[in-house]
Every structure is written in structure tokens, then in C-alpha cells.
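The values are calculated or read from the model by the stated rules, or taken from the named source; none is laboratory data. Since we're looking at a predicted model, the values are computed, not measured. No Cβ is skipped: glycine too gets one built from the backbone with ideal geometry, and neighbour counts run over all protein chains shown.
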Amino acid sequence: MLSSIDDLKIILREREIPFFTDEELDFYVRQNDGDYNATAYQCLIIKSENTTLSLSGLSLADTSSYFKRVASRYRPRNTGILSGG
């Protein structure tokens, strides 16, 4: 279970592929009521946007599918019971 911004940065691979500022991560943690797993899911989905980069013939691979796979580990599950009508 995640419990800090530093844990979140590790999951998001912020050292290798920086994307979010500390202020943005704090914002998403607050938006998710302090639930770091929900925050990880939201940030990974945001980070999974197409990230292909091409500059003067140099092309870097798209990492969106990687971040979507990691996000699936943190996707919220519906565990409620549906009531019959």
C-alpha cells in the first residue's frame, strides 16, 4: 500500500521519466481524498497519454501501453453489492 509522495514517485517512475511536479502530485492526492492507490491509478492513466517523440530523425518509443499496464494494478475495484429491484 502506498503511503507517501515518495512511494508514488517510485510507482510513477518519476526519476526515469519525469512528468509531474510535487505540487501536481499533492493536488491529485487531495483530489483522491488521500488514497494513494487511487492517485497512482489516476496519474498513471494521465501519464499513459501518447508519449512518442520525434526530433530531427530521432524517434523515442511510445510508453503509453507500459503505463496502462502498470495502472491496471491500481485500478479501483467495484466491490459493492447490487440490490435487486
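Annotations
- The residues listed here are Tyr66, Tyr41, Tyr74; of these, the one that is closer than 23 Å to Ile5 by Cα, in contact with a helix residue (DSSP H, G or I) (Cβ under 9 Å, 6 or more places away or on another chain), assigned to a helix (DSSP H, G or I) and modelled with pLDDT of 70 or more is Tyr41.
- Pairs, first hydroxyl-bearing (Ser, Thr, Tyr) in segment 18-37, second part of a loop (DSSP other than H, G, I, E, B), C-beta under 8 Å, six or more apart: Tyr28/Phe20; Tyr36/Met1; Tyr36/Leu2; Tyr36/Ser3; Tyr36/Ser4
- Figure legend. Inter-residue proximity from segment 64-78: first residues surrounded by 13 or more Cβ atoms within 10 Å (Cβ to Cβ), second residues of a type in the set (Asp, Glu) and modelled with pLDDT of 80 or more, beta-carbon distance below 8 Å, spacing 6+ or different chains. Indicated pairs: Ser64/Glu49.
- Any chance Thr51 is modelled with pLDDT under 75 and surrounded by 13 or more Cβ atoms within 10 Å (Cβ to Cβ): yes
- Against the list (1) of a type in the set (Lys, Arg); (2) modelled with pLDDT of 85 or more; (3) in a loop (DSSP other than H, G, I, E, B), the condition Arg30 fails is (3).
- Tally, over segment 1-18, of residues that are closer than 13 Å to Val70 by Cβ, of a type outside the set (Asp, Glu) and surrounded by 16 or more Cβ atoms within 10 Å (Cβ to Cβ): 5
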